[in-house]
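Here the structure comes first, spelled out in structure tokens, and everything after it is commentary.
The numbers here are math on the coordinates, done by the rules we state, and not lab data. Values in this document were obtained by computation on a predicted structure and should not be read as measured data. Here the Cβ is made from the backbone with ideal geometry for all residues, glycine too, and neighbour counts use every protein chain on show.
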Amino acid sequence: MNNRNLIRFDWAIKRLLRNKADYSVLEGFLSELFKEDIVIQTILESESNQRIDSDKFNRVDILIKNAKEELVIVEIQNQNEYDYFHRMAYGTSKVITDYISVGEPYKNIKKVYSINIVYFDLGQGNDYVYHGKTDFLGIHTSDRLRLSDKQIEILGKIEPYQIFPEYYVLKVNQFNNVAKDSLDEWIYYFKNNEIKDEFKAKGISKAKELWRVDNLNEEERLNYHKHIENLRYEASMLWTMQIDEEERVRKDEKKAIARELKHNGLPIEIILKSTGLTQEEIERL
């Protein structure tokens with residue numbers, strides 16, 4: 001089998017999570033990320049079930065409830081968003097408020113995990129997997145605030161961070177394609193749409209077996225190929241915008257030089273040779 005004939009992970013979790021067999025693929029990835037066995041109880045909702053016609057910039061956002069009654073958001077983002085961290089915060093806040101009923105005590109708030117698989121350079125950092133959680137540190141003593149014995153007894157938690165949302169950010173494009181552990185094998189798949197024969201991560205063999213393009217029916221296959229074309233179009237547009245912006249910056253720099261030379265009284269012939277601008281552009285300065 002051609003390992004490159006696999007369905008992209010984002011499209012698969014968006015459209016193929018229909019039965020327990022498909023759940024096992026996602027369970028495998030989550031188990032490798034959390035370093036514990038994860039069992040999916042149900043898929044609660046998917047905000048990204050857009051019609052294929054409008055699905056140009058692919059936002060995958062699904063909500064999972066695991067066997068421990070915890071909620072897990074999985075979002076895959078291809079398009080650069082400067083306020084993406086804000087969206088992460090909004091997503092967890094919305095889930096918390098949506099899944100507690102009026103009149104329920106605060107102790108019934110669900111633990112929420114936000115997993116963000118991004119295909120752009122989010123923030124600044126050298127790693128490709130980041131984990132964020134809430135700790136309370138003493139300003140004067142630097143000690144970590146912990147739950148009291150009574151809170152531990154009542155809540156069944158030991159640390160405050162176990163109550164607050166936790167965040168994972170996987171910066172796929174920053175991965176160097178060297179799979180050093182089982183989580184890296186999943187990230188390799190995310191980046192290259194390929195699963196090597198020697199990969200042994202939990203759930204990844206199921207992905208190679210189930211998430212093949214030739215397993216799709218004709219309608220699904222057409223929609224999938226359209227999705228791939230949309231991603232290529234998006235990448236092309238972003239590349240074009242970047243080239244245009246670089247060209248605009250270079251032009252502005254040349255104009256600044258020409259303006260200075262013109263201000264110093266140099267002949268237009270010298271300014272033409274020095275900047276490469278046209279005579280008309282120089283005269284307009």
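Note on residue 44 and residue 97: the model spin-label points, each 7 Å out from Cα along the C-beta direction, lie 1.5 nm apart. From least to most packed, judged by other beta carbons within 10 angstrom and beginning with the fewest, 140, 225 follow the order 140, 225. Straight-distance candidates among the lysines for linking to residue 107, with alpha-carbon spacing under 27 Å and chain neighbours fewer than 8 residues away dropped: 35, 65, 68, 94, 133, 150, 157. Note on residue 127/residue 197: beta-carbon distance plugged into 1/(1 + (r/R0)^6) with R0 of 30 Å gives a FRET efficiency of 0.65. Dividing the summed -39500 (n - 2.57) terms of all DSSP H runs of n ≥ 4 by the residue count of the chain sets its mean residue ellipticity at 222 nm at -13500 deg cm²/dmol. Which FRET efficiency value, to the nearest 0.05, do you get for residue 213 and residue 237 by plugging their Cβ-Cβ distance into 1/(1 + (r/R0)^6) with R0 = 22 Å? Rounded to the nearest 0.05, the efficiency is 0.35.
Spin-label pair residue 229-residue 140: with each label point 7 Å from Cα along the Cα-Cβ axis, the two points sit 6.8 nm from one another.
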